[in-house]
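So the structure is just underneath, and the comments pick up after that.
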Amino acid sequence: MITRYTCGTPVETYAVTADVPEGGALQHFSLDSREPFTFSCRLGADDLIFGLGETMRGINKRGFRYLSFNYDDPYHKDEMPSMYGSHNFFVVDGDRTFGAFFDTPARVAFDMDSAGDGTVTVSCEAPGLCLYLIDGTDAYNVVKQFLGIIGPSFLPPLWAFGYGQSRWGYKSDKEIRRVADKHRALGIPLDYLCMDIDYMDRYIDFTVNGHRFPAMTQYVEDMKTKGLHLVPIVDAGIKIEPGNPVYDEGIQKGYFCTNREGENFQAEVWPGMTHFPDFLRAEVREWFGEQYKFYTDLGLDGFWNDMNEPAIFSTEYRAKTAKPDAERGDPVQPERHIADFKDFFHRLEDGTRVSNYEVHNIYGGLMTRASGEGLDRLLDRRYLLFSRSSYIGAHRYGGIWTGDNASTWHMLRQNVYHMPSLNMCGFLFSGADTGGFGGNAGRELLLRWLAVSVFTPLMRNHSALGTRRQECYRYQNPEDFKAVISLRYRLLPYLYSEFMKAALRQDMFILPMAFGFLGDETARRIEDQLLVGESIMIAPVLEKGAMGRKVYLPEPMTEVRWDGEEFRCTGADAGTREITVPLNEVVFYIRKDCLVPVAKTTAASTAELDLSDVELLGTGTAYRQYLDDGYTKDCSLERCTVLQKDL
């Protein structure tokens with residue numbers, strides 16, 4: 001049962017789409033719209049807490065404090081309170097299993113029993129909040145109910161499930177072409193290349209630098225003939241530059257956020273001083289979405305939105321300040337920039353002015369909505385769209401990546417923790433910067449990270465300007481990287497099918513072990529093994545220098561070892577086992593009585609891959625495979641066909 005409670009007059013956040021029954025009762029919280037909102041509950045000794053999407057630490061969130069306040073902080077340490085997204089949903093799994101979703105655009109603090117006294121406290125200083133409480137038979141049941149009310153996932157095209165190469169610092173079409181050609185020459189599969197801010201004219205949205213990227217339309221077409229898509233970045237700020245048609249129209253129609261005095265708010269980002277579109281208004285979202293025609297007219301059909309927390313270097317009220325010393329790793333706390341968010345204002349549909357601080361957490365999500373709705377109007381096919389900042393509800397319009405991580409083993413483990421937590425909040429199409437964005441990825445780390453990213457929907461290698469070049473062919477024995485990435489393409493008949501089925505059913509694609517093995521207390525507490533779809537369990541190697549790891553099997557499974565050439569399948573009994581995993585191999589498990597369809601050959605790109613020509617691995621007898629043309633918008637579970645395994 002789902003119960004909805006309202007505090008004050010909530011700002012519309014567009015998170016919940018389904019009808020929710022009224023009624024029910026709950027104690028231990030205040031719904032007085034004149035006072036800060038407080039919710040508390042008591043935990044049993046063995047209760048676990050799942051959810052909260054993009055937050056640090058493990059899958060079980062008990063024992064720590066978190067803060068929903070979207071923020072650009074590249075120093076991802078366990079103690080940091082906020083990340084780029086706000087996903088205010090959690091599930092208590094234990095004596096009483098229930099979920100709670102706090103639907104508010106404002107700042108929310110979550111104390112998940114940090115004192116160890118068994119108390120959870122959630123507080124919000126702003127009125128205008130909807131609380132949804134969900135009772136269920138188990139934690140997975142609660143999550144599925146929640147996914148049912150927030151709406152279905154964004155559906156990317158098939159090519160978006162291929163391998164992507166990206167770097168901040170690709171400065172010309174020639175450089176990107178060289179990267180692509182090197183992948184093709186070495187047989188390393190590749191489907192798309194991302195263009196960071198250097199493709200723009202002076203970092204201005206909806207422009208191309210004609211000197212670095214001449215004849216862009218022909219360039220896009222040439223790359224597509226090679227099975228490659230180009231994916232440009234789009235930032236939130238519009239440069240203040242009279243004569244730029246996007247800027248001029250935004251000024252003329254009053255589409256930008258305003259400052260304390262009621263004039264257009266000015267903030268410095270990459271192109272210099274900019275204005276921020278007021279995405280809380282439908283007319284502004286429609287206008288911004290129409291600007292993507294600049295890109296679609298060039299033949300582009302993939303995009304990533306960035307800097308949309310929004311990130312701010314300085315403002316008309318505050319001079320630029322130095323970033324913290326990366327060597328010391330001082331975290332940039334949101335408090336340092338709270339004044340910025342209080343200094344600019346949105347106008348709601350009824351004309352009311354509110355500061356960004358009051359509605360801060362939905363800004364990036366509404367940019368994704370604007371982009372997605374615009375691309376839906378512009379294109380008659382599916383497209384790739386993923387964002388850095390997000391709020392629950394934005395999952396209907398695009399995916400996310402987990403921001404500017406670092407080339408550390410700690411962040412590799414965090415990638416594993418993030419995936420099921422994001423799935424619980426609706427973000428099925430997600431992934432991390434494989435290898436790490438900041439820092440210098442060693443060969444071992446990149447290979448182990450690729451072995452995780454093989455199973456995440458977004459598989460993109462991305463790194464920062466000034467760091468080691470992270471393309472796989474720059475490391476010793478590039479054939480080892482080819483072997484790991486090739487597994488992605490052999491598994492695409494399964495991965496694409498399972499993603500599409502999960503999205504269309506409003507279910508999860510990547511799950512914690514606890515959700516798949518109810519009643520197994522060991523599985524319930526495992527955080528470094530995950531379930532991928534209905535058939536696969538992964539247990540990646542996450543420690544530097546490790547030649548393998550311990551794996552717990554709650555049931556008999558099929559152990560599958562991929563060495564770049566073939567799948568070697570052996571039976572594995574239930575229990576704990578030690579496995580060895582060389583750097584150029586990937587080991588995964590197929591659950592009891594389940595099947596995994598794999599392509600009979602690998603391919604240079606998804607355009608060359610036949611998802612219907614498969615062999616079946618595992619001990620099951622039948623598998624329901626979803627198949628379509630890879631780009632149609634007409635997606636339905638009726639496209640599933642049953643594959644039978646010959647016994």
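Considering the stretch 54-97, the residues that are of a type in the set (A, V, I, L, M, F, W, C) and not in a loop (DSSP other than H, G, I, E, B) include one that is most open to solvent (accessible area, probe 1.4 Å), namely PHE64.
Considered as a group, the residues in the stretch 502-554 that are among the polar types (S, T, N, Q) and free of Cβ contacts under 8 Å to residues at least 60 places away in the same chain include one that is most open to solvent (accessible area, probe 1.4 Å), and that residue is THR522. The residues listed here are ARG469, ARG505; of these, the one that is under 28 Å from ASP191 (Cβ atoms), of a type in the set (D, E, K, R) and out of contact with any helix residue (DSSP H, G or I) (no Cβ under 9 Å at 6 or more places or on another chain) is ARG469. Return yes when ALA236 is over 18 Å from THR207 (Cβ atoms) and of a type outside the set (Phe, Trp, Tyr) and no when it is not. No: the conditions fail for ALA236.
Taking the stretch 427-439, which residues are more than 10 Å from the chain's Cα centre (by Cα) and either part of a loop (DSSP other than H, G, I, E, B) or aromatic (Phe, Trp, Tyr) (or both)? Result: GLY435, GLY436, PHE437, GLY439. Among the residues examined, LEU378 does not qualify as of a type outside the set (S, T, N, Q), crowded, with 22+ Cβ neighbours inside 10 Å and farther than 20 Å from TYR71 by Cβ.
Taken together, ASP117, ASP111 contain a single residue that is part of a strand (DSSP E or B), without any contact (Cβ under 8 Å) to a residue 60 or more places away in the chain and out of contact with any Pro (no Cβ under 7 Å at 6 or more places or on another chain), which is ASP111.
Could you check, for the stretch 91-103, whether at least one of its residues is over 19 Å from TYR391 (Cα atoms), aliphatic (A, V, I, L, M) and in contact (Cβ under 8 Å) with a residue 12 or more places away in the chain? Yes - at least one qualifying residue is present in the stretch 91-103.
Quick grid of which residues meet (1) assigned to a helix (DSSP H, G or I); (2) in contact with a Leu (Cβ under 8 Å, 6 or more places away or on another chain):
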| site | (1), (2) |
| --- | --- |
| GLU534 | no, no |
| GLU543 | no, no |
| ALA546 | no, no |
| GLU559 | no, no |
| THR570 | no, no |
| ALA607 | yes, no |
| SER612 | no, yes |
| LEU616 | no, yes |
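Taken together, LYS550, LYS633 contain a single residue that is in a loop (DSSP other than H, G, I, E, B) and of a type in the set (Lys, Arg), which is LYS633. The residues of the stretch 611-631 that are in contact with a Pro (Cβ under 9 Å, 6 or more places away or on another chain) and either among the acidic types (Asp, Glu) or surrounded by 14 or more Cβ atoms within 10 Å (Cβ to Cβ) (or both), listed by number, are LEU611, ASP613, VAL614, GLU615, LEU616, LEU617, THR619, TYR623, GLN625, LEU627, GLY630, TYR631. Taking (1) over 25 Å from THR55 (Cα atoms); (2) in contact with a Ser or Thr (Cβ under 7 Å, 6 or more places away or on another chain); (3) of a type outside the set (Ser, Thr, Tyr); (4) open to solvent by 10 Å² or more (accessible area, probe 1.4 Å) in turn, ASP111 satisfies each apart from (1). When the residues of the stretch 181-220 are narrowed to those that are more than 30 Å from ASN244 (Cα to Cα) and in a loop (DSSP other than H, G, I, E, B), which ends up most open to solvent (accessible area, probe 1.4 Å)? The selected residue is GLY187.
On the stretch given as the stretch 152-178, residues that are surrounded by fewer than 19 Cβ atoms within 10 Å (Cβ to Cβ) and part of a helix (DSSP H, G or I) total 4.
When GLY620, GLY630, GLY571 are checked against the criterion of being modelled with pLDDT of 95 or more and on the phi > 0 side of the Ramachandran plot, a single residue qualifies: GLY630. Quick one: would you say LEU445 is buried (at least 19 other Cβ atoms within 10 Å of the Cβ), assigned to a helix (DSSP H, G or I) and over 18 Å from the mean Cα position of the chain (by Cα)? For LEU445, the condition - buried (at least 19 other Cβ atoms within 10 Å of the Cβ), assigned to a helix (DSSP H, G or I) and over 18 Å from the mean Cα position of the chain (by Cα) - is met.
Selection of the stretch 465-479 for residues being closer than 14 Å to SER407 by Cα and open to solvent by less than 10 Å² (accessible area, probe 1.4 Å) yields GLN470, GLU471.
Within the stretch 576-605, the set of residues being within 12 Å of ARG490 (Cα to Cα), open to solvent by 30 Å² or more (accessible area, probe 1.4 Å) and part of a strand (DSSP E or B) is empty.
The values are calculated or read from the model by the stated rules, or taken from the named source; none is laboratory data. Given the structure is predicted, the values throughout are model-derived calculations rather than measurements. Note that each Cβ is placed from the backbone with ideal geometry, even for glycine, and that neighbours are counted across all protein chains shown. The accessibility values were calculated without ligands, DNA or RNA, using every heavy atom of the protein model including side chains. Shrake-Rupley method; radii C 1.70, N 1.55, O 1.52, S 1.80 Å.
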